[in-house]
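Below is one structure; the comments refer to it alone.
The values are calculated or read from the model by the stated rules, or taken from the named source; none is laboratory data. Keep in mind the model is a prediction, meaning the values are calculated, not measured. Virtual Cβ from ideal backbone geometry, glycine too; neighbours counted across all protein chains shown.
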């Protein structure tokens, strides 16, 4: 059950955060799924097209807006690579930074 803690913490935090939409929730869940599939490496290197497929997000504009929101709100730390052949870094915190 410890593997579900980041998702549980996220849902506790968003209960009090009116900025979070269903798209934010979907992207965060997709990032957690991707992180899990890659052995919980921290940071995990992600490519937008892979995460967009999991999250069912169809435009890069939406993806970039939402991932930047999640980062600026403190739910993740996002470091874009700006290179097509190198994934961006997404950091998940060991503790809940948004309590």
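Looking across region 59-88, the residues that are in contact with a helix residue (DSSP H, G or I) (Cβ under 7 Å, 6 or more places away or on another chain) and free of Cβ contacts under 8 Å to residues at least 24 places away in the same chain come down to 60, 78.
Does residue 63 qualify as being crowded, with 19+ Cβ neighbours inside 10 Å and part of a loop (DSSP other than H, G, I, E, B)? The answer is no for residue 63. Only residues that are part of a helix (DSSP H, G or I) and in contact with a strand residue (DSSP E or B) (Cβ under 7 Å, 6 or more places away or on another chain) were counted in region 15-60, giving 3.
Applying the criterion of being farther than 15 Å from residue 71 by Cβ and loosely packed, with under 15 Cβ neighbours inside 10 Å to the residues of region 9-28, the residue that is modelled with the lowest pLDDT is 16.
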